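The values are calculated or read from the model by the stated rules, or taken from the named source; none is laboratory data. As the structure is a computational prediction, the values presented were derived from the model and not from experiment. Here the Cβ positions follow ideal geometry from the backbone for every residue, glycine too, while neighbour counts run over all protein chains shown.
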Amino acid sequence: MISDDAEHMEDVSGNRSWLIRDGMDRERMLDMDRRLQPVRRLSFLVLAGSLILLGPWLGWWTMVPLVATAGLFAAADKHTERARRPEYFMFGAWVGTQVVLAIAVALSGGPKVATISWFGIAVVTLASRFSDRGIAIGVAITYVLMLAVAFGVNAHAVIENPTRVVAPAALIASVTMFSLALMRSDVEHRSRAVVDTLTGMLNRAALAGRAEELAQQSAITSQPVGLIVADIDHFKETNDTYGHAIGDAVLKDVAYIIRKQLRAFDLAYRLGGEEFLVLLPGADSAQVQVVAEGLRTAVAERPLGGGIAVTISCGVAASKPPERFDYEAVFERADRALYAAKRGGRNRVCVAGDAAQGEQPAAGDGAGPVLGLAA
């Protein structure tokens, strides 16, 4: 059976990095970053206001590091959505802000000024984005920078009054523990709402928000968004013949194969029953067809659910820049293409083509022709 522990570990490791456990964690990280962006901008305004008030004591130059920090995050935001490993851009921007902050604290007086406690601000966002390893590395970097500033600028002041370092260090540790506990609770409750418990895939509730985000993104970037609707062939017969336990095993194995074939930033959903949906940002119709054919072939080549031959049919469509991605319209075209694949004999991919072109046969495969469908 394909979904044994070893192969599932291979699936997870294929999408993981030293900052992220798997592809689902990456999507959670991107979702949280989108939520944090307006809060981050507001935080910059609060810090800017405090620096203006403290200008007569600290100097007006302290606005320069704040502007540099804002620039780092702006640069990272441009790459996160489309990068294969967006967590590296995010972590790089995060480390950059701590370094800029360390320079600012050092120039303004080091351990003798209250701004040394600001090292704890960025630590709050670690738990909302990265794995335990990423959090530990981030906290370690923060401590190293804080101690370097404190002892490098005025070691005598720290030795004379250790509270100048111990207090902010304790604050950072406490903030990390509280934010980690709160984030784990939030992730657990949100996962129950948006993750299909059987397959581990995202469900319809998660799809709605992501579709709207891709629509907004495509309007800005003028990039296409591809969509695949896949359905397990003769699944009812599998359930009736082998029982629901085997049917559930087949669903889990198909979900595993789909996830394994996708890029890190592609997203797969279980719509319900035996139907799955895949969103591919930046992929046009031809590219989506290649991915769908790879999914079809991968499923057909492996016995699933304990040794049962299983096939899937796929309908493919994509938005057409410069038009904004319209999820409902693209899904309808892909769904019609799926039904054409079913009528054409199953175990095949049908592509929704341009209405002006009519039905056009595409390249064939081992199971028969790949059909074109008028949109």
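Yes/no matrix, rows are residues, columns are (1) over 29 Å from residue 267 (Cβ atoms); (2) touching a Pro at 6+ places or on another chain (Cβ under 6 Å); (3) at pLDDT below 85:
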{"residue": "136", "(1), (2), (3)": "no, no, no"}
{"residue": "142", "(1), (2), (3)": "yes, no, no"}
{"residue": "147", "(1), (2), (3)": "yes, no, no"}
{"residue": "157", "(1), (2), (3)": "yes, yes, no"}
#### Entry: Long-range neighbours under 6 Å by Cβ, at least six apart or interchain, first residue among the charged types (D, E, K, R) within segment 195-222, second at pLDDT 90 or above
196/270
### Sole exception among (1) among the β-branched types (Val, Ile, Thr); (2) touching an Asp or Glu at 6+ places or on another chain (Cβ under 9 Å); (3) in contact (Cβ under 8 Å) with a residue 60 or more places away in the chain for residue 278, by number
(3)
#### Entry: Listing of strands (runs of 3 or more DSSP E) fully contained in segment 242-335 that carry 3 or more residues being in the same structural domain as residue 349 (by TED's automatic domain parsing) and within 17 Å of residue 203 (Cβ to Cβ)
267-272, 275-281
### Task
Just name the residue that is surrounded by the fewest Cβ atoms within 10 Å (Cβ to Cβ) out of those in segment 49-65 that are free of Cβ contacts under 8 Å to residues at least 24 places away in the same chain and within 16 Å of residue 119 (Cα to Cα).
50
### Message
Checking the conditions here, which among 263, 302 is of a type in the set (D, E, K, R), out of contact with any strand residue (DSSP E or B) (no Cβ under 9 Å at 6 or more places or on another chain) and either surrounded by fewer than 23 Cβ atoms within 10 Å (Cβ to Cβ) or modelled with pLDDT under 90 (or both)?
### Response
302
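Pick out the one residue from 349, 370 that is under 15 Å from residue 230 (Cβ atoms) and at pLDDT 95 or above.
On the way: 370 fails: at pLDDT 95 or above.
The conditions single out 349.
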### Query
Just a yes or no: is a residue in segment 78-90 modelled with pLDDT under 80, buried (at least 16 other Cβ atoms within 10 Å of the Cβ) and part of a helix (DSSP H, G or I)?
yes
### Task
Go through (1) buried (at least 19 other Cβ atoms within 10 Å of the Cβ); (2) touching a Leu at 6+ places or on another chain (Cβ under 9 Å) and name the single condition residue 238 misses.
(2)
### Query
All but one of (1) farther than 19 Å from residue 339 by Cβ; (2) not in a loop (DSSP other than H, G, I, E, B) hold for residue 236; which doesn't?
(1)
### Query
When only residues in segment 248-260 that are buried (at least 20 other Cβ atoms within 10 Å of the Cβ) and without any contact (Cβ under 8 Å) to a residue 60 or more places away in the chain count, which is farthest from residue 293 (Cα to Cα)?
251
#### Entry: Any hit, segment 287-297, residues being within 16 Å of residue 232 (Cβ to Cβ), at pLDDT 95 or above, surrounded by 15 or more Cβ atoms within 10 Å (Cβ to Cβ) and out of contact with any Gly (no Cβ under 9 Å at 6 or more places or on another chain)
yes
### Task
Kindly list, by first and then second residue, each pair from a residue in segment 229-243 that is within 29 Å of residue 266 (Cα to Cα) to a residue that is crowded, with 16+ Cβ neighbours inside 10 Å and of a type in the set (Phe, Trp, Tyr), limited to pairs with Cβ atoms under 6 Å and residues at least 6 apart or on different chains.
230/276
### Message
On the basis of being touching a residue at least 12 places away in the same chain (Cβ under 8 Å), at positive phi, assigned to a loop (DSSP other than H, G, I, E, B) and in the same structural domain as residue 224 (by TED's automatic domain parsing), does residue 346 make the cut?
### Response
yes
### Query
Counting only residues that are modelled with pLDDT under 75 and not hydrophobic (A, V, I, L, M, F, W, C), which one in segment 24-33 is surrounded by the most Cβ atoms within 10 Å (Cβ to Cβ)?
26
